[in-house]
Amino acid sequence: MKKITLIKGDGIGPEVTACAKKVLDLLVDDLIWTEVSAGLETLEKYGELIPKAVFDSIEETRLVLKGPLTTPIGEGFRSINVMLRKKYDLFCNMRPALTIPGVVSRYEAIDLVIFRENTEDLYAGIESRTDEDTRHSIKVITRKGSTRIIKAAFEYALAHNRHKVTLVHKANIMKETDGLFLQVGREIAKAYPDIVFEGIIVDNMCMQLVMNPHQFDVIVTMNLYGDILSDLCAGLVGGLGVVSSANIGDNFALFEPVHGSAPDIAGKNIANPIAMLLSGAMLLEYIGYYNEGKALRTAIQEVLKDPSNHTTDLGGKCKTDAFTDAVCKAIAIGG
């Protein structure tokens, strides 16, 4: 029996989280869900972006599946997602970018995993006004933060038979902050002699990913670069609608799609649930249901081989519930 906090989210969030819950319950019969609400719609209804019940549930289950949330512009938290990552020290953001057969993309056979440090860098939110015409934002990089995300990348590479870790930085210019990150990477790499290690400057990395993404395997970097590069890599495999993410700390873990809440299509039964389903697969694997996670990925791939199962964003006409039912059928056949 495993308890999970389900944050339904805004816009299409309730639709795609309902899909994920249906599929995960089919795969595993002892999941216990606590459904809670947060975000813009919750603020409008109850006067709070994140009610206390959300925090209480997270602190009980320590495991979260979350739909997309809308952060109000000009008020409230800088970002609800950033706040949750910092509050629960979810230092490791893991974003796979994997080619899915049947999804049109510019490249074939992409299989990358990005490890992004999730709590430091410019996203620490340390900003100030020196005068009316000048603003400062402080970049924070620590040895502790650098060590744990780089170790996570190497340990993943070791456990999954990956052969190369690429550390992305701008240490040629930011010699103290990025220089520390690169220094820590070089030190840690010595403990993994069977894994190739390289450091690449971030602007060159962007060019190299577009020219030849197949040269990379596991990528590890700081918060801002990771935010940018992970979306770039999503573009290599078909967009944000087909990529998942995990935010993992020592005591808590949160799984979510990285696309927006898409309020313009909410309630129309046309949202693509793939990113949410794949995030659910990552959750299953995290709690030890490896075969079930693999079965879900395989079912999605089988369903997408038929163009009639493609949702609007993938160039088809399939409805959200019909896609979910097709995945459930594929699981039943494969099981």
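Nothing in this text is a laboratory measurement; each read-out follows from the coordinates by a stated rule. These numbers come from a predicted model, not from an experiment. Counting neighbours? That spans all protein chains shown, and the Cβs are built from the backbone with ideal geometry, glycine included.
Quick notes on this one:
- Partners for Lys175 among lysines (Cα-Cα distance below 18 Å; same-chain residues under 8 apart left out): Lys139, Lys144
- Sparse packing (at most 10 other Cβ atoms within 10 Å of the Cβ) combined with a DSSP loop state is found for the following GluC sites (Glu not before Pro) in segment 118-180: Glu132, Glu176.
- Calculated on the Cα set of segment 106-236, radius of gyration then Dmax: 15.4, 53 Å.
- Note on Lys329: aspartates and glutamates with a C-alpha under 14 Å away, same-chain residues under 8 apart excluded, are Asp25, Glu302, Asp306, Asp321.
- Reduced Cα scattering model of the chain, Debye log10 I(q)/I(0), q = 0.08, 0.11, 0.15 Å⁻¹: -0.38, -0.73, -1.33
- For the chain, adding -39500 (n - 2.57) for each run of n ≥ 4 DSSP H residues and dividing by the number of residues yields -13000 deg cm²/dmol at 222 nm.
- Environment charge at Gly226 (Cβ cut-off 9 Å; Lys +1, Arg +1, Asp -1, Glu -1): -1
- Summed residue charge, Cβ within 12 Å of Gly11's Cβ, Lys/Arg positive, Asp/Glu negative: -2
- Taken along its principal axes, the alpha carbon cloud of segment 86-152 reaches lengths of 53, 31, 19 Å, longest axis first.
- Segment 300-313 - phi-based ³J(HN,Hα) in whole Hz, Karplus 6.51/-1.76/1.60, Gly and Pro as x: 4, 4, 5, 5, 6, 5, 9, x, 5, 9, 7, 6, 4, 5
- Dimensionless Rg/Rh of segment 174-303 - Kirkwood Rh, Rg from C-alpha atoms: 1.01
- Cut-off under 5 Å, modelled amide H: who pairs with Ser245 long-range: Glu256, Ser279
- Among beta bridges that DSSP assigns inside the chain, antiparallel share in %, nearest 5: 45 percent
- Remark on segment 257-307: ratio of C-alpha radius of gyration to 2.2 N^0.38 Å is 1.31.
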